[in-house]
Amino acid sequence: MGRLNLLMSVLLSIFAVSIVLLPNLASAQLKTNYYANSCPNVESIVRNVVNQKFKQTFVTVPAVLRLFFHDCFVEGCDASVIVSSTPGNTAEKDHSDNLSLAGDGFDTVIKAKAAVDSNSRCKNKVSCADILALATRDVIQLSGGPWYPVELGRLDGFTSKASNVEGKLPKPTFNLNQLNSMFASHGLTQADMIALSAAHSVGFSHCGKFSNRIYNFSPQNLIDPTLNKQYAAQLQGMCPRNVDPRIAIDMDPKTPRTFDNNYYKNLQQGMGLFTSDQVLYTDKRSKGTVDLWASNSKSFQNAFTTAMTKLGRVGVKTGRNGNIRFDCGRMN
């Protein structure tokens, strides 16, 4: 009986370890030259489409970047956020946390997929998940950020449910512990989290996401005391009380159309738009990293490319766990 219990214990241990290792085994199959034989020009095809969208509207940059992040943090990087709802299923994109995802992000991926599939050699060979990963790198570079090699080989997921989004995305009100906990659940460190937060260097936010910081922060302070007073007055001017909460303003008040380390310089001056931004400077545990990257652009860029590569490995689908969608907006 003792021997049987020991055997069961060993088997359970092996099972537990295998569960932990499964995501790593999937991401280990990713490689930068994954399409070298099946679709060797995939990167240039995607880049051409992204360039065209970028020329039409700068919104393409934050739209694609945010789409990738929202995709990877819910069910992994599997393009499940792009799938449209059906009469029998409310998809991820229709969860309240995703309703503000700009249409230009979806449009970029769908157009890039069409361009890839118009090449006879590539037709139905490249996943929507990989196209989104490539487009994300391209918009970062187009807006002044670093170029980095993108690991490829993800498959598209079989599931897209709005109910899976709940509690999976960071909120503007998060403190450092909440941010670290959520990112750690995806194998990302505090440094990765601080680097990825620089996505707020480009793009915009709706007034309703931060109005509590400028009007009713607490009974003692109507305005968040960590907020730069002049910046608070500026925000109140752009987002007066009772304004339509969907009115949008730039997240970076100084270089809103450049992906750069100015995000961290803003934090040093109390000009982080969200609580979850400013806390990176007010909390002593993360302040040193903010100071370093505010003064050292190269160090920030290196950390950002490392963090983006790690983000791209989250929840990757391979083998029987995914497929290549013919249409990014619906399941095959």
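The values are calculated or read from the model by the stated rules, or taken from the named source; none is laboratory data. These numbers come from a predicted model, not from an experiment. Glycine gets a Cβ as well: all are built from the backbone with ideal geometry, and neighbour counts include every protein chain shown. Each accessible area value is taken on the protein alone, full model and side chains, heavy atoms only, with ligands, DNA and RNA left out. Shrake-Rupley method; radii C 1.70, N 1.55, O 1.52, S 1.80 Å.
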*From the cross-link list 31/113; 55/229; 93/113, which pairs have alpha carbons spaced over 24 Å apart?*
55/229
*Order the peptides 299-308, 236-245, 197-206 from the highest to the lowest mean number of other Cβ atoms within 10 Å of their residues.*
197-206, 299-308, 236-245
*Reciprocal of mean inverse Cα separation for the chain (Kirkwood radius, Å)*: 21.0
*Considering the dipole of the chain built from charges on the beta carbon (Lys and Arg +1, Asp and Glu -1) around the Cα centre, which of 197, 207, 28 is farthest to its positive end?*
28
_List the residue ranges in the chain for DSSP H helices whose C-alpha atoms run 20 angstrom or more along the long axis and whose Kyte-Doolittle average is -1.0 or above._
2-28, 42-56, 103-117, 128-142, 297-311
*Which one of 124, 37, 288 is farthest out on the positive end of the charge dipole of the chain, using unit charges on Cβ (Lys, Arg +1; Asp, Glu -1) and the Cα centre as origin?*
37
*Anchor residue 171: aspartates and glutamates whose Cα lies under 15 Å away (excluding residues fewer than 8 positions away in-chain)*: 97, 277
_For segment 85-164: rounded, prolate or oblate by the Cα gyration tensor [a/c cutoff 1.5]_ = oblate
*Sorted by packing (mean other beta-carbon atoms within 10 Å per residue), highest first, where do 161-172, 276-287 land?*
276-287, 161-172
*MRE, 222 nm, helices only [DSSP H, n ≥ 4, -39500 (n - 2.57), over the chain, to nearest 500]*: -15000 deg cm²/dmol
_Quick check for me: using +1 on Lys/Arg Cβ and -1 on Asp/Glu Cβ, what's the dipole size of the chain about its Cα centre, in debye to the nearest 20?_
340
*First compute the accessible area of the chain with a 1.4 Å probe, then give the percent of it belonging to carbon and sulfur atoms.*
55
_If packing is taken as the average number of other Cβ atoms within 10 Å across a peptide's residues, how do 250-259, 310-319, 86-95 rank, most packed first?_
310-319, 250-259, 86-95
*Which value, in Å², gives the accessible area per residue of the chain when a 1.4 Å probe is used on the protein heavy atoms?*
47
*What residue among 267, 163, 243 has its Cα farthest toward the positive end of the dipole of segment 152-286, where the charges are +1 on Lys, Arg and -1 on Asp, Glu, each on the Cβ?*
243
